[in-house]
Ligand code: KG4
Ligand code: ZN
């Protein structure tokens, strides 16, 4: 079964074709640059850009995969959570193509797409596993028993990790999205020059708090001269702090659940320091650690095509309504 996936929840238009027999056949992504000058995503501009890009991208993808429309057996689209207008573009195109091509369609939860993206790697995890989901909008520890069986064990009480990266980067005058740029700066920094607080680290629960980090950085910036070396040193300590917090809570969650597999996903899973530290934790505590391939950590169409294929293959189909769910709790998904 060949499934076309469409991702349009934020500022990336992603399309991909996943085959349940052969795996991922191809994917294309258009990352919107229009938001850079505003320092964050402008929802209306995002919707307009998706409208212009999505159909030409699907055309280009079919050509790239040497497939014609009549070889597509199903369509998956991101139904939520995300920006309402942006989601609406993907949903409308998916439902329109579904009617034109006479195939089933399925609305996918964006975070389920992220969660299962590690299965696109050569060494794929099997259920059950603990998932650490770290994106621009979410930071969650999730017990994953199977497809659609998600129990949230802990989450950020304020900013998501990616959001903390982006806001801290912005404070230092770095361009949006700040995560990858801050990570680059950290490579040339001395992590020991500064020492940041580690909120909630000592509390036994599995929740996080990251908003204090940017306040700490804001104060530090006021007190210091923000030269290039200082930016790099702050970035290095910021990364080290975030990684230590995540590693500590993941260690606790692994012990608590008794799982022997950890899956890390979402945009911040592309962070090399975090990947290194969690891999080390796996070695030390004797559990396997899985990451999506780097290009499928951040938003992409492949993860939606893949999650859609798993659900369509099990006979799940969405109705014809064009309904998006900008707010949609992951643990309300159906168990398949
Ligand atoms: O999953 P994603 O593409 O979008 C959401 O669903 O939110 O995640 C985007 C987030 C942004 O906050 C971005 O700054 C962060 O992931 N990010 C990174 C890195 N690459 C992307 N953060 C730290 N290090 C990176 N290498
Ligand atoms: Zn995402």
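Summary of computed values
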read-out: Estimated FRET transfer efficiency (residue 219, residue 280; beta-carbon r; R0 30 Å; 0.05); value: 0.45
read-out: Cα shape, segment 228-303, gyration tensor, a/c 1.5 rule; value: oblate
read-out: Once the Cα gyration tensor of segment 40-183 is diagonalised, semi-axes √(5λ) in Å; value: 29, 23, 15
read-out: Angle between the chain longest axis and helix 84-101 axis [Cα atoms, degrees, rounded to 10]; value: 30 degrees
read-out: Shape of segment 174-288, Cα gyration tensor, a/c cut at 1.5; value: prolate
read-out: FRET E, pair residue 66, residue 205, Förster distance 51 Å, beta-carbon r, rounded to 0.05; value: 0.50
read-out: In degrees, nearest ten, helix 178-187 long axis to first principal axis of the chain (Cα); value: 50 degrees
read-out: Estimated distance in nm for a label pair at residue 187 and residue 227, the labels positioned 7 Å out from Cα along Cα-to-Cβ; value: 2.3 nm
read-out: The chain, helix-only ellipticity at 222 nm - DSSP H runs n ≥ 4, -39,500 (n - 2.57), divided by all residues, nearest 500; value: -13500 deg cm²/dmol
read-out: Separation between Cα centres of segment 15-31 and segment 81-108, rounded to whole Å; value: 17 Å
read-out: Sorted by Cβ neighbour density within 10 Å, fewest at the top, the residues 249, 202; value: 202, 249
read-out: Shape of segment 167-223, Cα gyration tensor, a/c cut at 1.5; value: prolate
read-out: Euclidean distance between Cα centres, segment 119-174 to segment 213-235, Å; value: 26 Å
read-out: Helix axis angle, 302-313 relative to the chain longest principal axis, alpha carbon, degrees; value: 50 degrees
read-out: 5 Å binning of all Cα-Cα separations within segment 201-240, expressed as whole percents from 0 upward; value: 6, 19, 25, 22, 13, 8, 6, 2
read-out: log₁₀ of I(q)/I(0) at q = 0.14, 0.15 Å⁻¹ - the chain, Debye sum with one point per alpha carbon; value: -1.09, -1.22
read-out: Rounded to 5, the percent of DSSP beta bridges in the chain classed as antiparallel; value: 60 percent
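No value in this document is a laboratory result; all are computed from the given coordinates. All of these numbers come straight from a predicted model, not from anything done at the bench. Please note: Cβ atoms are built from the backbone with ideal geometry, for glycine as well, and neighbour counts cover all protein chains shown.
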